[in-house]
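Enquirer: Below you will find the structure I want to go over with you.
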């Protein structure tokens, strides 16, 4: 990884492989539903040969999406340093967000019904400047709780000196 987006010497924590599984399951569901509905609609309205072509296109999109989800999952990482938290992600457009602990206002942990089914949560950091907000998806509930508590404590300790 480029040293601009992953400073050397940092111990990068990956997100849970459950995030990859969740996103692939959603891809399969939506392409399956969309491909089936589109294939039937094209077959009824136009021609069954065109419907078969639509199914082939949907299968190709599924294969491409499966690969992209894996690449995106690999790009997520975070590192806790002495004074700040680093969050990186992105394959084509890479992003590195540095959130100083003293600038954090609050930390959210969220998990919708699908995320809870897969056993993951998202930690979101809020600062006074929305540009420095960051989120880390795909954490196990235990890691999300640990990170929330640690970041909240560090944020309070660093903000007290301002």
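Enquirer: Restricting attention to region 126-144, which residues are touching a strand residue (DSSP E or B) at 6+ places or on another chain (Cβ under 7 Å) and over 15 Å from residue 77 (Cβ atoms)?
Expert: First, pick out the residues of region 126-144 that are touching a strand residue (DSSP E or B) at 6+ places or on another chain (Cβ under 7 Å): 126-128, 132-137, 139, 141, 144.
Scanning region 126-144 gives 126, 127, 128, 132, 133, 141, 144.
Enquirer: Hey, another quick one. Would it be correct to say that residue 121 is at pLDDT 90 or above, in contact with a strand residue (DSSP E or B) (Cβ under 9 Å, 6 or more places away or on another chain), crowded, with 19+ Cβ neighbours inside 10 Å and more than 20 Å from residue 10 (Cα to Cα)? First the steps, then the outcome.
Expert: Values: at pLDDT 90 or above: yes; in contact with a strand residue (DSSP E or B) (Cβ under 9 Å, 6 or more places away or on another chain): yes; crowded, with 19+ Cβ neighbours inside 10 Å: yes; more than 20 Å from residue 10 (Cα to Cα): yes.
For residue 121, the condition - at pLDDT 90 or above, in contact with a strand residue (DSSP E or B) (Cβ under 9 Å, 6 or more places away or on another chain), crowded, with 19+ Cβ neighbours inside 10 Å and more than 20 Å from residue 10 (Cα to Cα) - is met.
Enquirer: Restrict the check to region 79-93 and report whether at least one residue is assigned to a helix (DSSP H, G or I), farther than 22 Å from residue 150 by Cβ and at pLDDT 90 or above.
Expert: no
Enquirer: Which of the numbered conditions does residue 96 fail, given that it passes all the others? Conditions: (1) out of contact with any helix residue (DSSP H, G or I) (no Cβ under 9 Å at 6 or more places or on another chain); (2) in the same structural domain as residue 146 (by TED's automatic domain parsing); (3) without any contact (Cβ under 8 Å) to a residue 40 or more places away in the chain.
Expert: It is condition (3) that residue 96 fails.
The values are calculated or read from the model by the stated rules, or taken from the named source; none is laboratory data. Model, not experiment: these values are computed from the prediction. Every residue, glycine as well, gets a Cβ built from its backbone with ideal geometry; the counts of neighbours run over all protein chains shown.
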